[in-house]
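**Q** Right, I'll just put the structure down here and ask away after.
The values are calculated or read from the model by the stated rules, or taken from the named source; none is laboratory data. All values derive from a computational prediction rather than experimental measurement. When we count neighbours, we look across all protein chains shown, and the Cβ atoms used for this are built from the backbone with ideal geometry, even at glycine.
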């Protein structure tokens with residue numbers, strides 16, 4: 001970080017910290033908007049199993065630049081780091097397609113067979129108004145197979161009363177060359193409105209606490225536009241489109257991502273209050289196309305190897321189209337029902353070259369390897385038999401069909417084998433559902449809840465097409481995964497105190513495990529190591545607890561703890577890729593126009609491991625030590641339209657890595673580490689403007 005930038009940052013921060021010693025005599029100005037402390041442990045849970053957070057609110061650590069980055073501030077979430085961006089979010093130890101991700105109600109899937117681009121890689125959080133997390137299989141409204149839960153990145157829509165306009169902008173600067181910019185503008189009148197959002201973010205390679213550079217630079221941009229017609233208070237018709245692209249260096253593998261192009265079109269129609277019984281009708285249609293390119297020379301020094309002797313390029317893409325139609329019914333004042341149909345169609349293709357110099361990938365034809373088709377029907381309702389008592393239940397059925405178009409399977413870059421599943425189509429009918437009871441105790445501001453959910457998940461692209469099975473080179477026969485889960489807990493809110501507790505226990509039939517370094521015969525007498533997909537029986541238990549306490553005027557303490565424990569019941573060993581016990585403690589002091597605070601994050605050691613076992617993102621590589629990280633933050637409301645916030649993350653310059661992070665790769669010019677280490681001491685400064 002340049003010395004002049006560091007000095008310019010530290011001077012205003014030091015001034016803010018110094019004010020705390022003489023602020024006791026300050027008196028709030030009733031004409032000034034009260035400033036809330038920065039969000040440091042995730043938004044408080046106000047509804048059972050549902051967390052809603054504002055992605056545009058200042059937060060510590062440094063403001064998020066992708067979808068996974070912002071989710072890690074919510075208790076129960078972890079992130080599998082691969083570099084500076086595009087980590088995979090993990091909820092309660094479950095990753096990949098077990099965690100549903102929707103962007104404005106649309107499904108999006110990455111193209112990379114090695115998970116360079118999970119769905120959250122295509123999300124810049126500040127471009128959205130709200131993030132909603134539903135934990136566990138406790139809703140059927142947002143697509144199939146959401147075993148761990150579902151994450152919804154959403155934009156708010158409303159009909160303008162008169163001619164209105166609004167502009168929000170922000171800029172972030174941080175250590176290691178990090179620069180972000182966001183512009184969000186909307187304008188319109190009662191009949192029509194438009195919205196445009198543009199984002200950009202970049203960063204250089206960061207350094208860990210020991211000063212070692214990590215191959216982690218990235219650049220990203222995105223643009224979203226929408227136009228809506230609102231002829232009356234009951235009708236909303238919107239057309240939207242989005243474009244984005246970027247590049248990212250990775251510290252865990254032999255290739256980097258040099259293209260992350262996304263193209264999107266969406267149409268949404270909603271009509272409300274059609275009759276006393278029909279509260280709303282809604283239909284959505286969407287088109288999402290991602291074109292991803294990775295190579296071993298554009299963002300790193302080209303070093304020939306036995307696996308990749310030439311300048312290699314891989315270019316997968318994925319086209320996802322789908323839609324939803326649903327009706328909201330209110331047959332009685334006590335009953336609300338939502339019923340509908342949804343569908344999605346995925347086509348994945350691939351083209352590649354082992355030597356771009358002599359055999360350019362762009363001249364090759366794309367070859368389809370997989371096609372998925374899903375259709376589902378669902379219904380979910382809430383019955384309120386008495387004030388403070390709610391019964392929520394839902395059910396859905398899904399028809400899945402997948403076609404394997406591969407004539408051969410690549411055992412390595414240069415070693416194909418005939419595909420025993422070539423041309424085969426398989427189908428499955430799956431059923432999911434849940435029931436949950438919530439009870440508000442009248443004598444106390446306390447809500448108790450308990451729910452049982454069942455989710456059936458069809459194997460995803462990575463489980464079926466990226467890996468082999470134990471018996472053959474094809475994993476197309478992998479069975480669907482079935483989960484039974486009990487969720488229970490309590491919410492308490494009274495005056496200055498908020499408390500939430502959520503506990504779960506889950507049982508998995510045919511849990512889909514990914515196992516690396518699996519020995520297989522090669523040639524007449526040799527062996528080779530393969531990555532396979534196999535079904536096992538497994539179980540997990542754990543939970544999250546959160547406490548927010550305004551224990552004195554201007555002071556607030558936040559604390560949270562999250563834990564998950566899992567067993568591979570088939571192999572009688574721990575379930576792999578589970579994060580260890582984690583606790584967070586935050587303390588903030590807030591006046592009417594400024595605040596200061598700190599965050600202590602402590603993570604326990606993890607010695608329950610299953611080396612070479614895990615999920616589609618990564619496998620366990622061994623035990624990991626515990627660590628604690630201290631961070632500071634401050635913010636200042638500079639009038640009605642501007643806010644400045646800043647902080648120092650990892651104040652003590654700790655060298656550490658998350659247990660579930662990917663293993664560090666051997667990259668020319670960089671020191672290889674056991675895991676991909678987290679950034680060292682990081683300074684950041686953010687300006688928010690609103691008109």
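**Q** Go through segment 192-218 residue by residue and tally those that are more than 23 Å from residue 258 (Cα to Cα) and without any contact (Cβ under 8 Å) to a residue 60 or more places away in the chain. Show your work before the answer.
**A** Start the filter on segment 192-218 by keeping residues that are more than 23 Å from residue 258 (Cα to Cα), which leaves 192-197, 208-212.
Checking the rest, the ones that are also without any contact (Cβ under 8 Å) to a residue 60 or more places away in the chain come to 192-196.
Summing the residues that are more than 23 Å from residue 258 (Cα to Cα) and without any contact (Cβ under 8 Å) to a residue 60 or more places away in the chain in segment 192-218 gives 5.
**Q** Now a separate question. Scanning segment 496-521 for residues that are without any contact (Cβ under 8 Å) to a residue 40 or more places away in the chain and either surrounded by fewer than 19 Cβ atoms within 10 Å (Cβ to Cβ) or in contact with a helix residue (DSSP H, G or I) (Cβ under 8 Å, 6 or more places away or on another chain) (or both), which turns out farthest from residue 464 (Cα to Cα)?
**A** Per the stated criteria, the residue is 505.
**Q** Suppose we filter segment 541-558 for residues that are part of a strand (DSSP E or B), in contact with a strand residue (DSSP E or B) (Cβ under 8 Å, 6 or more places away or on another chain) and surrounded by fewer than 18 Cβ atoms within 10 Å (Cβ to Cβ); how many remain? Working first, answer last.
**A** Within segment 541-558, the subset part of a strand (DSSP E or B) is 541-552, 555-558.
Subsequent filtering for residues that are in contact with a strand residue (DSSP E or B) (Cβ under 8 Å, 6 or more places away or on another chain) retains 541-551, 555-558.
With the extra rule that they be surrounded by fewer than 18 Cβ atoms within 10 Å (Cβ to Cβ), the set shrinks to 541, 549-551, 555, 557.
Residues flagged as part of a strand (DSSP E or B), in contact with a strand residue (DSSP E or B) (Cβ under 8 Å, 6 or more places away or on another chain) and surrounded by fewer than 18 Cβ atoms within 10 Å (Cβ to Cβ) within segment 541-558 amount to 6.
**Q** Can you find a residue in segment 166-179 that is crowded, with 23+ Cβ neighbours inside 10 Å, assigned to a loop (DSSP other than H, G, I, E, B) and within 13 Å of the chain's Cα centre (by Cα)?
**A** No.
**Q** Does segment 605-613 contain any residue that is touching a strand residue (DSSP E or B) at 6+ places or on another chain (Cβ under 6 Å), farther than 30 Å from residue 464 by Cβ, assigned to a strand (DSSP E or B) and modelled with pLDDT of 95 or more?
**A** Taking segment 605-613 first, the residues touching a strand residue (DSSP E or B) at 6+ places or on another chain (Cβ under 6 Å) are 606, 608-613.
Now narrow it down to the ones that are farther than 30 Å from residue 464 by Cβ: none.
No, segment 605-613 contains no residue that is touching a strand residue (DSSP E or B) at 6+ places or on another chain (Cβ under 6 Å), farther than 30 Å from residue 464 by Cβ, assigned to a strand (DSSP E or B) and modelled with pLDDT of 95 or more.
**Q** Out of 475, 470, 450, report the one residue that is assigned to a loop (DSSP other than H, G, I, E, B) and either at positive phi or surrounded by fewer than 19 Cβ atoms within 10 Å (Cβ to Cβ) (or both).
**A** Values: 475 fails: either at positive phi or surrounded by fewer than 19 Cβ atoms within 10 Å (Cβ to Cβ) (or both); 450 fails: assigned to a loop (DSSP other than H, G, I, E, B).
Among 475, 470, 450, only 470 is assigned to a loop (DSSP other than H, G, I, E, B) and either at positive phi or surrounded by fewer than 19 Cβ atoms within 10 Å (Cβ to Cβ) (or both).
**Q** Let me spell it out: the conditions are (1) over 24 Å from residue 510 (Cα atoms); (2) within 28 Å of the chain's Cα centre (by Cα); (3) crowded, with 16+ Cβ neighbours inside 10 Å, and residue 607 meets all of them except one. Which number is the exception?
**A** Failing condition for residue 607: (3).
**Q** Given 387, 331, 416, which one is within 28 Å of residue 440 (Cβ to Cβ) and at pLDDT below 95?
**A** Working: 331 fails: at pLDDT below 95; 416 fails: within 28 Å of residue 440 (Cβ to Cβ).
Testing whether each residue is within 28 Å of residue 440 (Cβ to Cβ) and at pLDDT below 95 leaves just 387.
**Q** For segment 240-262, name all the residues that are exposed (fewer than 15 other Cβ atoms within 10 Å of the Cβ) and either more than 20 Å from the chain's Cα centre (by Cα) or not in a strand (DSSP E or B) (or both).
**A** 241
**Q** Something else: Return a yes/no flag: does segment 186-200 have any residue that is outside any loop (DSSP other than H, G, I, E, B), over 22 Å from residue 240 (Cα atoms) and modelled with pLDDT of 95 or more.
**A** Taking segment 186-200 as the starting set, the residues that turn out to be outside any loop (DSSP other than H, G, I, E, B) are 186-188, 192-200.
Imposing the further condition that a residue be over 22 Å from residue 240 (Cα atoms) reduces the set to none.
Within segment 186-200, not a single residue is outside any loop (DSSP other than H, G, I, E, B), over 22 Å from residue 240 (Cα atoms) and modelled with pLDDT of 95 or more.
**Q** Also, quick follow-up: Restricting to segment 50-73, give me the number of residues that are at pLDDT 90 or above, assigned to a loop (DSSP other than H, G, I, E, B) and surrounded by 24 or more Cβ atoms within 10 Å (Cβ to Cβ).
**A** Final tally of qualifying residues: 2.
**Q** Can you name every residue in segment 268-299 that is closer than 30 Å to residue 238 by Cα and under 24 Å from the mean Cα position of the chain (by Cα)? Even if it seems obvious, please write down each step before you answer.
**A** So in segment 268-299, the residues closer than 30 Å to residue 238 by Cα come out as 268-292.
Of everything in segment 268-299, those that are closer than 30 Å to residue 238 by Cα and under 24 Å from the mean Cα position of the chain (by Cα) turn out to be 268, 284, 285, 286, 287, 288, 289, 290, 291, 292.
**Q** Mind telling me which of the residues 409, 435, 397 ends up being surrounded by 16 or more Cβ atoms within 10 Å (Cβ to Cβ) and within 28 Å of the chain's Cα centre (by Cα)?
**A** 397
**Q** Under the condition of being in a loop (DSSP other than H, G, I, E, B) and in contact with a strand residue (DSSP E or B) (Cβ under 8 Å, 6 or more places away or on another chain), which residue from segment 263-291 is surrounded by the fewest Cβ atoms within 10 Å (Cβ to Cβ)?
**A** Of the residues in segment 263-291, the ones in a loop (DSSP other than H, G, I, E, B) are 273-277.
Subsequent filtering for residues that are in contact with a strand residue (DSSP E or B) (Cβ under 8 Å, 6 or more places away or on another chain) retains 273-274, 276-277.
Numbers: 273: 11, 274: 13, 276: 8, 277: 12.
Per the criteria, the residue is 276.
**Q** Does segment 201-213 contain any residue that is over 28 Å from residue 675 (Cα atoms), at pLDDT 95 or above and touching a strand residue (DSSP E or B) at 6+ places or on another chain (Cβ under 8 Å)? Step through it out loud before you land on a result.
**A** Residues of segment 201-213 over 28 Å from residue 675 (Cα atoms): none.
No, because not a single residue in segment 201-213 is over 28 Å from residue 675 (Cα atoms), at pLDDT 95 or above and touching a strand residue (DSSP E or B) at 6+ places or on another chain (Cβ under 8 Å).
**Q** All but one of (1) in contact (Cβ under 8 Å) with a residue 40 or more places away in the chain; (2) closer than 30 Å to residue 307 by Cβ; (3) part of a loop (DSSP other than H, G, I, E, B) hold for residue 411, so report the exception by its number.
**A** Condition not satisfied by residue 411: (3).
**Q** Just checking, which of 367, 347 is over 26 Å from residue 280 (Cβ atoms), out of contact with any helix residue (DSSP H, G or I) (no Cβ under 8 Å at 6 or more places or on another chain) and either surrounded by fewer than 17 Cβ atoms within 10 Å (Cβ to Cβ) or in contact (Cβ under 8 Å) with a residue 60 or more places away in the chain (or both)? Break it down into steps so the answer makes sense when it comes.
**A** Working: 347 fails: either surrounded by fewer than 17 Cβ atoms within 10 Å (Cβ to Cβ) or in contact (Cβ under 8 Å) with a residue 60 or more places away in the chain (or both).
Going through 367, 347 in turn, just one is over 26 Å from residue 280 (Cβ atoms), out of contact with any helix residue (DSSP H, G or I) (no Cβ under 8 Å at 6 or more places or on another chain) and either surrounded by fewer than 17 Cβ atoms within 10 Å (Cβ to Cβ) or in contact (Cβ under 8 Å) with a residue 60 or more places away in the chain (or both): 367.
**Q** Now for a separate question. If we keep just the residues of segment 419-447 that are free of Cβ contacts under 8 Å to residues at least 40 places away in the same chain and part of a strand (DSSP E or B), which is farthest from residue 135 (Cα to Cα)? Reasoning before the result, please.
**A** Filtering segment 419-447 down to residues free of Cβ contacts under 8 Å to residues at least 40 places away in the same chain leaves 422-423, 425, 427, 429, 431, 443.
Going one step further and asking which of them are part of a strand (DSSP E or B), we end up with 425, 427, 429, 431.
Values: 425: 33, 427: 28, 429: 24, 431: 19 Å.
Of everything passing the filter in segment 419-447, 425 is farthest from residue 135 (Cα to Cα).
**Q** Tell me which of these residue 329 doesn't satisfy, since it passes every other one: (1) surrounded by fewer than 16 Cβ atoms within 10 Å (Cβ to Cβ); (2) touching a residue at least 40 places away in the same chain (Cβ under 8 Å); (3) over 24 Å from residue 422 (Cα atoms).
**A** Here residue 329 meets the rest and fails (1).
Condition check ((1) assigned to a strand (DSSP E or B); (2) closer than 23 Å to residue 429 by Cβ; (3) at pLDDT below 95) across all residues:
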position	(1), (2), (3)
293	yes, no, no
297	no, no, no
301	no, no, no
305	no, no, yes
317	yes, no, no
323	yes, yes, no
338	yes, yes, no
346	yes, yes, no
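**Q** Here's something else I'd like to know. Could you figure out which of (1) part of a strand (DSSP E or B); (2) more than 21 Å from residue 145 (Cβ to Cβ); (3) at pLDDT 95 or above isn't true of residue 571?
**A** (1)
**Q** I need the full set of residues from segment 303-337 which are under 26 Å from the mean Cα position of the chain (by Cα) and under 30 Å from residue 387 (Cα atoms), in order please. Lay out the reasoning, then the answer.
**A** Taking segment 303-337 first, the residues under 26 Å from the mean Cα position of the chain (by Cα) are 314-326.
Matches in segment 303-337: 326 only.
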